[in-house]
Amino acid sequence: MEEQSHEEMIQLVMASQFNQVPKYISRIAIGICNEVYRVGLEKEEVIVRLSPHDRFLMGSHDHIPKFKALGIRVPDILAEDYSKNLIPYSYQVLSKIEGEDLGQVIEKLSDSQLQDLSKEIANIFEKVRTIPSSNKFGVIWGGGDDEISDTWTERMKIWIEESKERGLDDETVSIADNLYERYQSYFSTVRPTTYYGDVCYKNVMIYNGIFNGLVDLDGLTQGDPLEALGRIKISWYGTRHGEIYLTAIMDELELNKEQRKLVTMYALLNQISMSCENDIQFNQNTKAEVDKHKKCKDKAMIKKLAFELGV
């Protein structure tokens, strides 16, 4: 039997769930875990997410109600099926939150708009930390299929070792090892706090210059929320708008000098990890070949962050 295309699968889902033929099907070329499409129906546009793995979509299934209960604007789940009976993928159909990912528009935002956005994001950090956590550390996916350890120290060690296995040059290995040794005692003090880590250049929807909601809530993390701020730091590192935005968030969260230094430490860890994803094909948005320009840019950022941190 000839393999179905994603578009053919989506047509089957729309017929089954909504008794409609899509007016159009358009791929969203951001994100690496799922295959995501905009689909036009008779009276609305919806978001369809496909995955051969249940845990990513099940994460949104579990987490969306929790975010809604906290008053955080997130999509509605209109339909979902994990049986793989209709199509050979699990799928989820969500309402569309209008806007564009922050990374696509941040350079156009004024200083005051960045300040306003920082208040929204800081408020989300404060709300999400109230979600009860277990005594484990790591990523909480859906349906109990989690990536967890007994300590935050162990999670950090695993993170670094995975980066090494994917291929780091000797200089970056030395930086990673020094980083772990220097901050190992701090890692041991971290208690498992719930946070949403993927809240940087994507998943933060901006509409007419203001925050309009979060999307892609597959994974929550139990650990140190400062790690998520490290991701924000590297998203626009060295830019004026990035500095204004991150500083405003840290001000809203009332971080002290030492905590801001820890944000830089996590930025470096994230950059080291992300530099290893250059030639990994996660989905159709990514390619299994090295982007040489990105490789040079990643290495330069690692050196700058290491210098800033003094490692």
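In table form, for the structure just shown:
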{"quantity": "Single condition Leu12 does not satisfy, out of (1) open to solvent by 10 Å² or more (accessible area, probe 1.4 Å); (2) part of a loop (DSSP other than H, G, I, E, B)", "calculated": "(2)"}
{"quantity": "Which listed residue is part of a loop (DSSP other than H, G, I, E, B), more than 24 Å from Pro52 (Cβ to Cβ) and among the aliphatic types (A, V, I, L, M), from Ile124, Ile106, Ile97", "calculated": "Ile97"}
{"quantity": "Unmet criterion (only one of (1) part of a strand (DSSP E or B); (2) at pLDDT below 95) for Gln222", "calculated": "(2)"}
{"quantity": "First in segment 227-250 and at negative phi, second anywhere and basic (Lys, Arg), Cβ under 7 Å, 6 or more apart", "calculated": "Leu246/Lys233; Met250/Arg260"}
{"quantity": "Scope segment 167-217; condition farther than 30 Å from Asp101 by Cα, of a type in the set (Val, Ile, Thr) and either under 22 Å from the mean Cα position of the chain (by Cα) or in a strand (DSSP E or B) (or both); matching residues", "calculated": "Val190"}
{"quantity": "Check on Tyr207, surrounded by 16 or more Cβ atoms within 10 Å (Cβ to Cβ) and aromatic (Phe, Trp, Tyr)", "calculated": "no"}
{"quantity": "Top-ranked residue in segment 15-39 [being in contact with a helix residue (DSSP H, G or I) (Cβ under 6 Å, 6 or more places away or on another chain) and part of a loop (DSSP other than H, G, I, E, B); ranked as nearest to Gly219 (Cα to Cα)]", "calculated": "Cys33"}
{"quantity": "Qualifying residue in segment 183-196 (condition: modelled with pLDDT under 95, open to solvent by less than 20 Å² (accessible area, probe 1.4 Å) and over 30 Å from Lys43 (Cα atoms))", "calculated": "no"}
{"quantity": "Positions within segment 52-88 being open to solvent by 20 Å² or more (accessible area, probe 1.4 Å), part of a helix (DSSP H, G or I) and among the small types (Gly, Ala, Ser), in sequence order", "calculated": "Ala69"}
{"quantity": "For Leu255: the one exception among (1) among the aliphatic types (A, V, I, L, M); (2) at pLDDT 95 or above; (3) not in a loop (DSSP other than H, G, I, E, B)", "calculated": "(3)"}
{"quantity": "Which numbered condition Asn285 misses (of (1) at pLDDT below 75; (2) surrounded by 14 or more Cβ atoms within 10 Å (Cβ to Cβ); (3) in contact with a helix residue (DSSP H, G or I) (Cβ under 8 Å, 6 or more places away or on another chain))", "calculated": "(3)"}
{"quantity": "Filter result (out of contact with any helix residue (DSSP H, G or I) (no Cβ under 7 Å at 6 or more places or on another chain) and either open to solvent by less than 60 Å² (accessible area, probe 1.4 Å) or in a loop (DSSP other than H, G, I, E, B) (or both)) within segment 131-156", "calculated": "Pro132, Ser133, Ser134, Asn135, Lys136, Val139, Ile140, Gly144, Asp146, Asp150, Thr151, Arg155"}
{"quantity": "Selection within segment 227-261 - open to solvent by less than 20 Å² (accessible area, probe 1.4 Å) and within 27 Å of Cys33 (Cβ to Cβ)", "calculated": "Glu227, Ala228, Leu229, Gly230, Ile232, Ile234, Gly242, Tyr245, Leu246, Ile249"}
{"quantity": "Scope segment 25-51; condition open to solvent by 60 Å² or more (accessible area, probe 1.4 Å) and over 27 Å from the mean Cα position of the chain (by Cα); matching residues", "calculated": "Glu42, Lys43"}
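The values are calculated or read from the model by the stated rules, or taken from the named source; none is laboratory data. Not measured: the values here are computed from a predicted model. Reconstructed Cβ throughout: ideal geometry from the backbone, glycine too, with neighbour counts over all protein chains shown. Areas reflect the complete protein model, heavy atoms only, side chains present, ligands, DNA and RNA absent. Shrake-Rupley method; radii C 1.70, N 1.55, O 1.52, S 1.80 Å.
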